[in-house]
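I'd like to ask some things about the structure below.
The values are calculated or read from the model by the stated rules, or taken from the named source; none is laboratory data. Just so we're clear, the structure is a prediction, and the values are computed from it rather than from any experiment. Cβ placement follows ideal geometry from the backbone for every residue including glycine, while neighbour counts extend to all protein chains displayed. For accessibility, only protein heavy atoms count, side chains too; no ligands or nucleic acids. Shrake-Rupley method; radii C 1.70, N 1.55, O 1.52, S 1.80 Å.
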Amino acid sequence: MAKRISILDIAARKGKTPIVTLTCYTAPMARILDNHVDILLVGDSLGNVIYGLDSTLPVTLDMMIRHGAAVVRSSSHALVVIDMPFGSYQSSPAQAFESAARIMAQTGAGAVKLEGGKEMAPTIQFLVERGIPVMGHVGLMPQHFNALGGYRYQGRTESEAAIILENTQAIAQAGAFAIVIEGVKEEVARTVSAQINVPTIGIGASPACDGQVLVIDDMLGITAHAPSFVKHYAHLSQSIEQAVKTYSEEVHNRTFPSAEYCFPFKKN
C-alpha cells in the first residue's frame, strides 16, 4: 500500500512542485479525489456547501469530526486536514488542544487548520509542541467576516498588506507547516510567499503561492454562486438537472423501470 502524504512531504514542496488541494466533505468524493490531490481539506465551508448555512459560524466540532472521519476512511493517499470550527479554539490554547485532540483521535486526520494571525501564534505553538500539526489561514478569513465587514479582498492598502505579512510570519514561526492565503492581491501573496519558509496555499490569491485550493462544489459548477476567482472545470449542476429531468419523464410515462431493470420471475 502506498504511503499517505505527510506534513513533512508538504513542507518539502516549498518553492517546488505546486501543492494541489481541494475541499472534501464526503466518502464518495474522497474516493474520487484521493489519487489526484496532495491535500484533502475538510473545510468548515461544509456549513455552506452541505448544510445550506449562510456562514461557517454555526458549524460544530461534531459536524467536522463526522465528515472528517468519513474522508479519512475513504482515502489513502492525500494528507487529510480538518478545519477547526468557530468557537472551538479561540478562547485559549488549552481549549484549542482539547478540540484538536478530539479531531485527531476521532478522525485519524493528519492535521488541523485554524484561522488567525499573530494573535493565534501562541495557540499554534502550543498545539505543535504537543504533537498536533497545524495549517494556518490568513487574509480573508470566513470565520472573521463580521469583523472584516463581509467577504472582502484583503491587502488592498500598504498597511493591510503589512499586517498580512506580519501575521503570516508569526504563525510560520510558531510552527504552522503550511498556510492558506485567501482573497489577497497577487503582489501581497507573492511577497508573503517569498518571505516565509513554509508553503503557502492560495485561494483567490494568484499563482504566486506554493499551491492552490478550491471548494470542490465551486470548481465542479454545482454551487449556485461561486466566487469570481473560481474556474469552473465542469458544470455538473446542468448535467445533474438534465439527468433528473429525464428520470422524472421516464417515471411519468412508465418507460422506467423497463424489463432490464426488473428482477426476473423464476419458477420453482
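So, in the range 108-130, how many residues would count as being more than 26 Å from residue 183 (Cα to Cα) and open to solvent by 60 Å² or more (accessible area, probe 1.4 Å)?
Counting residues in the range 108-130 that are more than 26 Å from residue 183 (Cα to Cα) and open to solvent by 60 Å² or more (accessible area, probe 1.4 Å) gives 2.
Report, by residue number, each residue of the range 151-167 that is of a type outside the set (Val, Ile, Thr) and in a helix (DSSP H, G or I).
Within the range 151-167, 158, 159, 160, 161, 162, 165, 166, 167 qualify.
Now for a different question. Among 258, 193, which is the only one that is polar (S, T, N, Q), over 30 Å from residue 134 (Cα atoms) and open to solvent by less than 100 Å² (accessible area, probe 1.4 Å)?
When all the criteria are applied, what remains is 258.
Right, next: How about the range 241-252: which of its residues are of a type outside the set (Ser, Thr, Tyr) and open to solvent by less than 90 Å² (accessible area, probe 1.4 Å)?
Hits for the range 241-252 are 243, 244, 249, 250, 251.
Given the structure, is residue 162 hydrophobic (A, V, I, L, M, F, W, C), within 21 Å of residue 118 (Cβ to Cβ) and surrounded by fewer than 16 Cβ atoms within 10 Å (Cβ to Cβ)?
yes
If you scan the range 82-107, which residues turn out to be open to solvent by less than 50 Å² (accessible area, probe 1.4 Å) and of a type in the set (Gly, Ala, Ser)?
87, 88, 92, 96, 99, 100, 101
Taking the stated definitions as given, is residue 263 among the aromatic types (Phe, Trp, Tyr), under 27 Å from residue 53 (Cβ atoms) and either open to solvent by less than 80 Å² (accessible area, probe 1.4 Å) or assigned to a loop (DSSP other than H, G, I, E, B) (or both)?
For residue 263, the condition - among the aromatic types (Phe, Trp, Tyr), under 27 Å from residue 53 (Cβ atoms) and either open to solvent by less than 80 Å² (accessible area, probe 1.4 Å) or assigned to a loop (DSSP other than H, G, I, E, B) (or both) - is not met.
Residues of the range 192-221 being more than 25 Å from residue 160 (Cβ to Cβ), in contact (Cβ under 8 Å) with a residue 40 or more places away in the chain and among the hydrophobic types (A, V, I, L, M, F, W, C), which ones?
Passing the criteria: 216, 219.
Considering each of 194, 176, 170 in turn, give the residue that is of a type in the set (Gly, Ala, Ser), in a loop (DSSP other than H, G, I, E, B) and modelled with pLDDT of 95 or more.
When all the criteria are applied, what remains is 176.
Confirm whether residue 177 is of a type in the set (Phe, Trp, Tyr) and open to solvent by 20 Å² or more (accessible area, probe 1.4 Å).
Criteria not met by residue 177.
For the range 94-105, indicate whether the set of residues that are among the hydroxyl-bearing types (Ser, Thr, Tyr) and under 25 Å from residue 75 (Cα atoms) is non-empty.
Yes, there is a match, as at least one residue in the range 94-105 is among the hydroxyl-bearing types (Ser, Thr, Tyr) and under 25 Å from residue 75 (Cα atoms).
Just to verify a result, which residue in the range 211-260, among those that are at pLDDT below 95 and not in a loop (DSSP other than H, G, I, E, B), is nearest to residue 10 (Cα to Cα)?
Top of the filtered list is 260.
State all residues of the range 8-61 that are of a type in the set (Phe, Trp, Tyr) and crowded, with 23+ Cβ neighbours inside 10 Å; if no residue qualifies, say none.
Residue satisfying the conditions is 25 alone.
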